[in-house]
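As structure tokens, the structure follows; a few thoughts come after it.
The values are calculated or read from the model by the stated rules, or taken from the named source; none is laboratory data. Here the structure is a predicted model, which is why all the values come from computation and not from measurement. Here the Cβ is made from the backbone with ideal geometry for all residues, glycine too, and neighbour counts use every protein chain on show. Calculation scope for accessible area: heavy atoms of the full protein, side chains included, ligands and nucleic acids excluded. Shrake-Rupley method; radii C 1.70, N 1.55, O 1.52, S 1.80 Å.
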Amino acid sequence: MSNQQWDTLYLNANLATIPSDDDLGIINNAALAIKDGKIAWLGARQALPAAPTTLANECVDCAQQWITPGLIDCHTHLVYAGNRSREFAMRLAGQSYAEIAKAGGGILSTVQATRQASLEALYQQSAQRLQTCLQCGVTTIEIKSGYGLDLDTEMKMLRVAQMLEQNFPVRIQKTLLAAHTLPPEFSQVEAYIEHICQQILPQLYAQGLVDAVDAFCEKIAFSTQQLEPLFARAKQLGLPVKLHAEQLSNQHGAQMAARYQALSVDHLEYIDAAGVQAIAAAGTVAVLLPGAFYYLQETQKPPVELLRQYKVPIAIATDCNPGSSPITALPWVMNMACILFGLTIEQAWAAVTLHAAKALGLEQCIGSLSVGKLAEFAFWEISHPAEVIYQLGTFAKPANADLTKVKFD
Ligand SMILES: [Zn+2]
């Protein structure tokens, strides 16, 4: 019935377009147009080529609200059963990792709880956590498996991730992290990696449950040499890889990940100059996880200056997990990244939008407000984007809430 060129036109908005990590790309009193789910035009309102109602089927008054790209949480273990608050209390009381493990804590306690949980129970617990993420303006989230360590439970976890995507307004990237730790059924690392390569990975990939492959490279987990066959198998299947690397020690995981053109290497407290050079050359994103650094009361910080010097894109994420970072609020992690690691406001914003999109291989379609990218936004009632980081407990407005459709002539 109408032949307007755009579907929706947002007016009286303030935009933070996030074109880079040293510029928020602010446009005040802006207009933003959508056509077929993509951004078709944006700029100052007075630069609109004609009267709004002649341009779009629907005009929306944003009443000076801010629009940013939807936030992207590019590293989470959001799907798990139970929680480890008892362990948290033990740690505060001064008990060691070994004592906690002996008392039935640690990662294997989450493995046990997740194996025992029904699909429905696992879904319910995870959905509750996801809801908090969404209240913080998240529109894309990565969820890893890795608390199953057997075919059935890894499948159950990734199915839950898939169900969450079907039932909530969010894009979910599913990552297989079967190489998280050695399951109790295996005494030999090589045999378990072989089992992942031959059974778990190909079967779950065939079911459409795997978008990327991740692993934990650390003294207490797997070495680069042990992980090599897994990355080779992922590449054979055409799947991108990521790596938990140099969190507690320097195992030169970054170099190996770079050889496989990893999308990201994550944690990086102990990465050295050679590691930084390798990921810079490979175009790999550095994902920093200040929540785990904070909860574990670490003192070795990732070399942010060195990463900047080599122009490595820096993303940050919640690392939401029951052991070392039970956090669902991405803005809190932005705050930690600024206070603990010295990121600027501009870098923290780019780290959960522009660079987080690249860490998931989605930089062509999301991560900034620019023409051609998907219309996935967060709306905020603030007077400047710094407030989201500065004032803990600032939540995004539900999409289109309180925005009124009015006539603009
Ligand atoms: Zn992690």
*If amide H atoms are built 1.01 Å from N in the plane of the peptide, which residues on other chains or at least 5 residues away come under 5 Å of the amide H of Ser264?*
Leu243, Val285
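Tell me whether the range 303-403 comes out rounded, prolate or oblate; compute the Cα gyration tensor, take square roots of the eigenvalues as a ≥ b ≥ c, and use a/c under 1.5 as the rounded threshold.
oblate
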*Top mean-square fluctuation among Ala262, Ala101, Ala280, Gaussian network model of the chain, C-alpha springs under 10 Å?*
Ala101
*Have a look at Ala47, Gly70, Asn28 and report the one farthest towards the positive end of the charge dipole of the range 1-96, computed about the Cα centre with Cβ charges (Lys/Arg +1, Asp/Glu -1).*
Gly70
*Of the options Ala257, Ser126, Leu243, report the single residue whose Cα projects farthest towards the positive end of the charge dipole of the chain (beta-carbon charges: Lys, Arg +1; Asp, Glu -1).*
Ser126
*Rounded to the nearest 20 debye, dipole of the range 245-389 from Cβ charges on Lys, Arg, Asp, Glu*: 340
_Carbon and sulfur %, accessible surface of the range 273-376 computed with the full protein complex present, 1.4 Å_ = 54
*How large is ³J(HN,Hα), in whole Hz, for each residue of the range 219-234 in order, when computed from phi with the Karplus curve 6.51 cos²θ - 1.76 cosθ + 1.60 and θ = phi - 60°, using x for Gly and Pro?*
3, 7, 10, 10, 8, 4, 4, 5, 8, 3, x, 5, 5, 5, 5, 4
*asked:* Among Asp319, Asp21, Asp152, which one shows the highest mean-square fluctuation when the chain is modelled as a Gaussian network with alpha-carbon springs under 10 Å?
replied: Asp152
*asked:* Taking the full set of protein chains and a 1.4 angstrom probe, give the accessible area of Ile26 in square angstrom, rounded to the nearest 10.
replied: 70
*So what is the calculated 222 nm ellipticity per residue for the chain, using -39500 (n - 2.57) for each DSSP H run with n of 4 or more, over all residues, to the nearest 500 deg cm²/dmol?*
-10000 deg cm²/dmol
*For the range 136-176, what is the accessible area per residue in Å² when the probe is 1.4 Å?*
27
*Kindly sort Asp22, Asp214, Asp150 by accessible area of their heavy atoms, largest first, with the probe set to 1.4 Å.*
Asp22, Asp150, Asp214
*Under 5 Å, built H, 5+ apart or other chain: amide partners of Ile26*: Thr17
_Please give the charge dipole size of the chain, origin at the Cα centre, charges +1 on K and R Cβ atoms and -1 on D and E Cβ atoms. Round to the nearest 20 debye._
260
*From the backbone phi of the range 92-103, what are the Karplus-calculated ³J(HN,Hα) couplings (6.51 cos²θ - 1.76 cosθ + 1.60, θ = phi - 60°) in whole Hz, Gly and Pro given as x?*
5, 7, x, 6, 7, 4, 5, 5, 5, 4, 5, 7
*Which loop-located GluC sites (Glu not before Pro) does the range 48-135 contain, where loop means any DSSP state but H, G, I, E or B and the Cβ has at most 12 other Cβ atoms within 10 Å?*
none
*Check Trp41: other-chain or 5+ apart residues with amide H under 5 Å from its amide H, H built from backbone geometry?*
Ala33
_Within the chain, longest stretch free of exposed trypsin sites (Lys or Arg not before Pro) [DSSP loop, at most 15 other beta carbons within 10 Å]_ = 1-218
_For the range 42-54, 3J(HN,Hα) per residue [Karplus equation, 6.51 cos²θ - 1.76 cosθ + 1.60, θ = phi - 60°, Hz, x = Gly/Pro]_ = 8, x, 5, 4, 5, 8, 4, x, 7, 5, x, 5, 7
*Inter-centroid distance (Cα atoms) of the range 200-224 relative to the range 94-164, Å*: 16
*Using a 1.4 Å probe on the protein chains only, how many percent of the accessible area of the range 11-105 belongs to carbon and sulfur?*
52
*With springs only between Cα atoms under 10 Å, which of Gln247, Gln116, Gln128 fluctuates most in a Gaussian network model of the chain?*
Gln128
*Counting only heavy atoms of the protein chains, get the accessible area per residue of the range 308-394 (1.4 Å probe) and round it to a whole Å² value.*
34
*Near Lys219, which lysines are there with a Cα under 30 Å away, not counting those fewer than 8 places off in the same chain?*
Lys102, Lys144, Lys156, Lys174, Lys235, Lys242, Lys301, Lys311, Lys358
